[in-house]
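Below you'll find the structure, written out as C-alpha cells, and then a few comments.
Please treat every number below as a calculation from the coordinates, not as lab data. Bear in mind the structure is a predicted one, so any value in this text is a computation, not a measurement. All Cβ positions, glycine included, derive from the backbone under ideal geometry; neighbour counts span all protein chains shown.
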Amino acid sequence: MNILPSLIAPQSWRGDAIAIAVFTNSESNQETKTFTLSDSLKNLDIQVLGCTLTDLITESEFTGESGSSVSGRIGIDYAIRKVILIGLGQPAKATADSWRKAAAAAVKWANKEKVKKLGLAFPTYNQDVGLTTQAISEGVLLAAHQDKRFKSKDPQPSRLEQVEILEASPEVSNPAIAKAQLIVDGVILARELVSAPANIVTPITLADTAIAIAAESEYFTAKILEQADCEALGMGAFLSVARASDIPPKFIHLTYSNGTPKRKLAIVGKGLTFDSGGLNLKTGVGSSIELMKTDMGGSAAALGAAKAIAKLQPTDIEVHFIVATCENMVNGSAMRPGDILTASNGKTIEVNNTDAEGRLTLADALVYADKLGVDAIVDLATLTGACVVALGEDIGGMWSIDEDFATAIASAAKNAGEKFWRMPLEEPYFDQLKSVVADFKNTGSRAGGAITGALFLKQFVKETKAWAHLDIAGPVWTERESGYNNAGGTGFAVRTLVNLITN
C-alpha cells in the first residue's frame, strides 16, 4: 500500500472513497448540538458528493465529537463512490494522536468497504504540515498492518492499494511519510515478536533479531553474551531463572553510536519469551499462562526502537539496548521458593515466588547497564499484574528517581500517543521485601505490588543519576481492535522510546 501526498483539493480529487476529518465547536451549533458544514465542505458536498454529507449528518445527528464517524454511499453519477466523516472533537483538545486515530478509522472503514483508492481530507494539526502528515501516515500504516503469519488462509484480504493525503505539499510531506514508515517498521517488529508463540520466538530468536538490526546500520554493534559469559560476570539472578529451560539464555547488548555523544542512554527490556511461573506454576482461571509469550514485551519494545533508530540515524547520541532473555520453565533444576540468589552486584535475594522472575533477570541487566557510564537508564517490563489492576489495560506505569527524566519520558509518550501514569516510589513499602536470611526478598504482599516491584529494581541502579521503570504489562497486548491497534501485540512503547532518543 502506498501513501502519497497530493496538492489536489477535495473538490477536484477522484477515487473510490474519501475520508473527511472535521472539528466540532466552530463548525457546530453548540445550542442544538447539530453539525454545520463549513463553506468549503458545503461546496464539496454539492459539487462532488451529491449532498450526501448533508443527508448523513441529518440522519445520524453527527456532531463531530472525537471518535465519532458516519459514512455512506454516493450516487453512481459521481466521481467518488463512498464517503466517511470522522470527528476530531474540539480543536483545543486535539493532539497529534487525534490524527493518528482518525487516519486509522478511515483505513479500517476503507478495508471493510473494499476500497482500493482512498483520499484523506484532514485539517492541519497546529498548522504543522509535516507533523500532521507523519501522524496521519503512522495511523494509516499501523491500522493497515495485519499479522496473518500463522493463518493458512487470509480470511479477509485487504484491497486498499493507495492512500492520498489531500492538499499536502510533497516537498514537506514526503520526508514525514518516510519517517513514519521507519518508525512503524519498528512498531511492527515489536508487534510481531509479542504476537508470535514461544515455539517461534525464543531467546535465540531475540539474539538473532538483534544481530540482524545491527547488520542494517554502520552505527550499530551487537554483543551476545552466552551462559558462560554471564556466569563469569556473576549474573546469579538472571541465570537462576533460566536454569530449567532447554533453550540457553542470551544476554543481548546492542550499541548505537553516531557522532560525539552529548547524551548516553541505556534501554533495558525484560525478555521472558515464556513464563510458566516456575514452581509457583501459573494455574487456574485468570492465570493467563497461554498469554505468557507476551512476557517479552519490554524486549520487543527495545528491539523495535533499535530497528527504527538504525534507519532514522539520530546524531550525537549513544544508546545501549540491553536484554537478558530466557524462559522460566519447570524441571529438576528449576529455581525453588526459598532459594537464595546472588546478583552481579553482590546483593543476595531470597526467592519467595518463582513467578516474580522478570525482576530477577532485570536485576543483572540493570547492574550491567549501570556500569556503562550512561546518563540515564530506562527499563521496560511486563512486570506486574498489579499495575494492570491499578491502571487498566491501556496505561503503563512509570516510576523514576529523576524529575527531568520523568518529564522527558512523559513528553515523548504524549507525542507518541502512548499513555503512562507517574507512580510513587514509596520507600516505606520496601519493608515488605525484608528477608530474615538474605538482603531482601523478590516479592512483597499483594498490596502495592507494582510499587514494590519498582523498589526492588531500584536496588540495582547505583551510579546512574537518572533511572526510570516502565511497567507495560497491560498495553503490550489487546484482545480487541481499538484505534490504530489490531488484536494481538500492540508494539506499545516503541514510539515513546524513539521520541525519547531522537529528542
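Okay, here's what the table says:
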quantity: Ranked by how many other beta carbons lie within 10 Å on average, peptides 65-77, 300-312 from highest; calculated: 300-312, 65-77
quantity: Unit charges at the beta carbon, dipole of the chain: most positive-side option, 445, 486, 50; calculated: 50
quantity: Residue-wise HN-Hα coupling along segment 383-388, computed from phi with Karplus coefficients 6.51, -1.76, 1.60 (Hz; x: Gly, Pro); calculated: 8, 9, x, 4, 5, 5
quantity: Mean Cβ neighbour count within 10 Å, used as a protection proxy, ranking 492-498, 318-324, 242-248 highest first; calculated: 492-498, 318-324, 242-248
quantity: Antiparallel DSSP beta bridges within the chain, as percent of all bridges there, nearest 5; calculated: 40 percent
quantity: Lysine pair number, Cα distance threshold 19 Å (strictly under), segment 2-168, separation 8 or more or different chains; calculated: 17
quantity: Sites residue 402 and residue 12, calculated FRET efficiency, Cβ-Cβ separation with R0 45 Å, nearest 0.05; calculated: 0.25
quantity: More than 38 Å apart - percent of Cα-Cα pairs taken over segment 183-502; calculated: 5 percent
quantity: Amide H within-cut-off set for residue 68, under 5 Å, with H built and near neighbours excluded; calculated: 87
quantity: Label point distance in nm, residue 425-residue 281, each placed 7 Å from Cα along Cα→Cβ; calculated: 3.9 nm
quantity: Total charge dipole magnitude, the chain, about the Cα centre, Cβ charges on Lys, Arg, Asp, Glu only, Debye to nearest 20; calculated: 600 debye
quantity: Between segment 212-235 and segment 246-281, the Cα center-to-center distance that results, in Å; calculated: 10 Å
quantity: The chain, helix-only ellipticity at 222 nm - DSSP H runs n ≥ 4, -39,500 (n - 2.57), divided by all residues, nearest 500; calculated: -10500 deg cm²/dmol
quantity: Kirkwood-type radius of segment 43-189, with distances r between different C-alpha atoms, in Å; calculated: 16.4 Å
quantity: Positive-end residue, segment 2-168 charge dipole about Cα centroid, Cβ charges, pick of 155, 9, 142; calculated: 155
quantity: Lys/Arg +1, Asp/Glu -1 at C-beta; the chain dipole; positive extreme among 83, 409, 421; calculated: 83
quantity: Radius of gyration and Dmax over the Cα atoms of segment 274-363, both given in Å; calculated: 16.5, 51
quantity: Long-range amide H partners of residue 419 with built H, under 5 Å; calculated: 396
quantity: Protection-proxy order for peptides 127-135, 202-210, each taking the mean of Cβ atoms within 10 Å per residue, highest first; calculated: 202-210, 127-135
quantity: Spherically averaged projected area of segment 303-437 from its Cα convex hull (nm²); calculated: 10.6 nm²
quantity: Reciprocal of mean inverse Cα separation for segment 174-299 (Kirkwood radius, Å); calculated: 16.6 Å
